[in-house]
Every structure is written in C-alpha cells, then in structure tokens.
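Below is one structure, written out as structure tokens, with a few remarks after it.
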Amino acid sequence: MYGFKWIFLDVRPSSIFSAASPQAERIRSLTAGFLAAAAAILLLVVVLTVLFAIRYRSGRRPKEPEQVSGNRRLELAMIGVPLLLVTGFFFWSMRTMNAVLPDRGQHRPDVIITGRQWFWQASYPGTGVMTANEIHLPVGRRLLLQLNAGDVIHDWWVPALGGKMDMIPGVDNYLWVTIRETGIYEGACSEFCGQEHAWMRIRVVAESEEDYARWLVAEGAVARSPFDTGARVARDTLAQAGAPLFLSATCGSCHRVAGTAANGVVGPDLTHFAVRQTMLAGMQPNDSEHVAAWLADPQRIKPGAHMPRFILPPDSIRALTAYLEQLK
C-alpha cells in the first residue's frame with residue numbers, strides 16, 4: 001500500500017517567493033531585485049509629484065516652476081542612473097539564466113514530461129514507469145527534465161521549483177531542478193492551450209530517495225487485477241465485471257493499463273490510477289463518486305475534453321468505477 005503514504009506530505013506554497021530549489025532561489029532573488037528597484041522609482045515619482053503639486057499649487061506660487069536649461073548634473077543623473085540600472089539588471093539576468101537553463105551535455109533526462117490537452121504524461125527512462133498528472137521526484141538530487149508537447153504548445157511552471165519552460169511539438173526543451181524538501185508542489189500550464197487550459201494543473205510529489213525508489217518499484221509493476229485475492233469479495237466481483245468492460249468499451253484504445261491488453265497512448269496512463277490523490281489534472285479528488293460522474297458524462301465535468309461520452313447503463317458505470325478504483 002505504498003501509494004497512499006505520500007498523502008501526508010505537506011502541500012507547499014505555490015509562489016516564486018517560496019523557493020524550494022537553487023534554481024528557484026536565483027529567480028526569486030532576481031525578481032526581488034526588480035521589485036525593489038521598481039518600488040524605489042515609484043516612491044521617487046510619487047514623492048516628487050506630491051511635492052511639486054503642493055509647492056506649485058494655484059494661489060501661492062507661479063503655476064509653473066522656473067524653466068532651467070543646461071543643468072549637466074541633472075542630465076547626467078537622468079541618463080546615468082537608468083543606464084546603470086539597465087546594465088546591472090542585464091548582467092544579473094544573464095547570470096540567472098546561465099544558472100537556471102541547462103547545459104545538459106551528455107546527461108540523459110531523468111524524467112520526460114509531455115503536455116497534452118489537458119493532462120501531463122511522465123515517463124522515467126530506464127525504468128519502464130509511466131504515469132500521469134502527479135509527477136514523483138526525489139529530493140536532494142539534480143534532475144534534468146525533458147519537456148515536450150503532444151499536440152499544441154503548453155508551458156511547464158511550478159513556481160516554487162524554478163522557471164517556466166515552453167513545451168513545443170517536435171522540440172525537446174529542458175530544465176534542471178534540485179528539490180530541497182519533501183512535499184507536494186503545485187503549478188499549472190502557463191501557455192493558453194485551449195478550452196480547459198485553466199484545469200491543466202501540475203502536482204509534483206517530492207519524496208526522499210528511499211520513498212522514491214519504492215514508488216518506482218510499485219509503479220513499474222503491472223496493474224493489480226480484480227481477479228487477485230485479498231480484497232473485499234463484493235468489491236472484487238464488481239471490479240471483475242468492469243475489467244472486460246474496460247476493454248470492450250474501447251477504453252483501452254486510448255488508455256494504457258500495464259499488464260492488460262489496454263495499450264492506448266492518447267489518454268492518461270491508468271496503470272496505477274487508484275493511488276493518485278486527484279484526477280483530471282488536479283481538477284477533482286480521485287474517489288468513486290467523482291470517477292462515476294466523469295464516466296457518465298465527461299463533457300459536463302470538463303467541457304472540450306477529448307474523452308467521448310459513452311452511453312452506459314448505471315450498472316456498467318459502477319463496474320468500471322470499481323475496476324478503476326482498484327488499480328493500485
């Protein structure tokens with residue numbers, strides 16, 4: 001029952017100011033510098049505006065101040081200070097980009113993440129593991145993420161872990177990330193990608209090396225069969241009815257369930273669907289009630305989703321729900 005241990009991990013703040021990696025820390029520092037400079041300029045403008053509004057208000061002094069020309073100090077300050085700011089931030093930005101963007105050399109990606117309308121697919125090279133939406137990563141290790149798009153342009157962004165990166169069809173983009181602490185880090189697609197763009201959430205589960213290794217072993221195993229012993233008989237009976245229905249209703253044409261004849265690649269991998277906390281890319285909690293509602297009418301739940309509506313009787317929906325909810 002490894003899959004439910006991480007439920008107790010903390011959900012970390014989703015903010016660039018709650019940096020949880022060295023890459024995010026560099027971006028946070030640069031952003032703080034920009035904000036400090038902008039605040040100083042705004043304060044100067046506000047103070048001068050108020051000062052001159054009071055000093056030259058009608059009735060006390062001339063409505064316009066005396067015009068002065070040839071003030072070299074003022075001209076040098078007006079040109080020099082902005083030039084120094086722009087130059088300083090240019091080099092600071094370049095240093096940050098060099099620290100954050102990968103020079104991957106011969107390093108193979110640790111995880112390949114593909115954005116699709118509207119979910120995230122993740123595969124772990126060399127392990128045979130494939131999952132969807134909830135991306136597990138180990139802490140304390142420098143990881144290279146390969147980012148791709150399976151249909152339109154998407155954008156990967158988990159604010160607490162680093163920068164944004166576009167995901168473009170036919171192009172391999174990369175990001176380094178080194179997560180400092182265990183927890184759940186949330187993000188979202190940051191490039192408009194269609195009707196359900198707002199419900200394309202990211203959920204990164206950062207675990208210790210030991211828990212991550214156990215997760216890889218569990219995810220690499222074939223899906224639990226409802227014909228295995230050890231669960232409640234009534235529930236197994238219903239799930240046993242749902243297993244062949246999953247294939248005959250053509251669910252397996254779009255979804256993969258390792259260890260079965262379902263090998264589709266269009267929709268999310270469902271091999272260990274039941275151990276995920278959420279479904280529909282973070283839109284709803286993963287429980288029997290929400291799974292059944294989704295199967296009954298996907299377009300009502302997530303309009304525009306590529307999941308078609310199958311007109312299934314209630315008994316079939318209950319059987320499919322039972323089958324999916326035991327895939328561990």
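The values are calculated or read from the model by the stated rules, or taken from the named source; none is laboratory data. These numbers were taken from a predicted model, which means no experiment stands behind them. Every residue, glycine among them, receives a Cβ derived from its backbone with ideal geometry; neighbour counts consider all protein chains shown.
Residue pairs whose Cβ atoms lie under 7 Å apart, sitting 6 or more positions apart in sequence or on different chains, and linking a residue in segment 126-142 that is closer than 15 Å to Val158 by Cα to a partner that is aromatic (Phe, Trp, Tyr), are Asn133/Phe119; Asn133/Trp120; Ile135/Trp120; His136/Tyr212; His136/Trp215.
For segment 287-319, filtering for residues that are in contact with an Asp or Glu (Cβ under 9 Å, 6 or more places away or on another chain), among the hydrophobic types (A, V, I, L, M, F, W, C) and within 16 Å of Gly242 (Cβ to Cβ) leaves 1.
Restricting to segment 134-164, and then to whatever is among the charged types (D, E, K, R) and farther than 19 Å from Gln23 by Cβ, can you tell me which residue is farthest from the chain's Cα centre (by Cα)? Before you say what the answer is, go through the steps one by one.
Here is the first cut: in segment 134-164, the residues among the charged types (D, E, K, R) are 134, 141-142, 151, 155, 164.
With farther than 19 Å from Gln23 by Cβ added as a condition, the list becomes 134, 151.
Details: Glu134: 9, Asp151: 17 Å.
Per the criteria, the residue is Asp151.
Considering only residues that are surrounded by 12 or more Cβ atoms within 10 Å (Cβ to Cβ) and not hydrophobic (A, V, I, L, M, F, W, C), look in segment 96-108 and name the one that is modelled with the highest pLDDT. Per the criteria, the residue is Thr96.
Being surrounded by 15 or more Cβ atoms within 10 Å (Cβ to Cβ) and either farther than 15 Å from Trp120 by Cβ or modelled with pLDDT of 90 or more (or both) is not true of Gln299.
Can you name the residue in segment 66-120 that is in contact with a Leu (Cβ under 7 Å, 6 or more places away or on another chain) and either of a type in the set (A, V, I, L, M, F, W, C) or free of Cβ contacts under 8 Å to residues at least 60 places away in the same chain (or both) and, of all such residues, is nearest to Ile202 (Cα to Cα)? Don't jump to the end; show me each part of the working.
Let us first name the residues in segment 66-120 that are in contact with a Leu (Cβ under 7 Å, 6 or more places away or on another chain), namely 92-93, 96, 102, 104, 107, 109-111, 113.
With the extra rule that they be either of a type in the set (A, V, I, L, M, F, W, C) or free of Cβ contacts under 8 Å to residues at least 60 places away in the same chain (or both), the set shrinks to 92, 107, 110-111, 113.
Values: Trp92: 29, His107: 25, Asp110: 18, Val111: 15, Ile113: 11 Å.
Of everything passing the filter in segment 66-120, Ile113 is nearest to Ile202 (Cα to Cα).
When the residues of segment 168-190 are filtered to those that are part of a loop (DSSP other than H, G, I, E, B) and of a type in the set (S, T, N, Q), which remaining residue is farthest from Val139 (Cα to Cα)?
Of all residues in segment 168-190, those part of a loop (DSSP other than H, G, I, E, B) come to 168, 170-172, 179-182, 189-190.
Applying the additional criterion that residues be of a type in the set (S, T, N, Q) yields 182, 190.
Numbers: Thr182: 6, Ser190: 24 Å.
Ranking the candidates gives Ser190 first.
The residue that is surrounded by the most Cβ atoms within 10 Å (Cβ to Cβ), among those in segment 274-296 that are assigned to a strand (DSSP E or B) and touching a residue at least 24 places away in the same chain (Cβ under 8 Å), is Met279. From the list Thr321, Thr271, the one residue that fits, being of a type in the set (S, T, N, Q) and not in a loop (DSSP other than H, G, I, E, B), is Thr321. Taking segment 92-120 as the range and being out of contact with any Lys or Arg (no Cβ under 9 Å at 6 or more places or on another chain) and among the small types (Gly, Ala, Ser) as the test, the residues that pass are Ser93, Gly105, Gly115.
Could we say that Glu191 is surrounded by 18 or more Cβ atoms within 10 Å (Cβ to Cβ) and either touching a Gly at 6+ places or on another chain (Cβ under 7 Å) or in the same structural domain as Asp269 (by TED's automatic domain parsing) (or both) here? Don't jump to the end; show me each part of the working.
Working: surrounded by 18 or more Cβ atoms within 10 Å (Cβ to Cβ): yes; either touching a Gly at 6+ places or on another chain (Cβ under 7 Å) or in the same structural domain as Asp269 (by TED's automatic domain parsing) (or both): no.
No; evaluated as a whole, the condition is false for this residue.
Restricting Gly183, Gly163 to those that are modelled with pLDDT under 95 and on the phi > 0 side of the Ramachandran plot reduces the list to Gly183.
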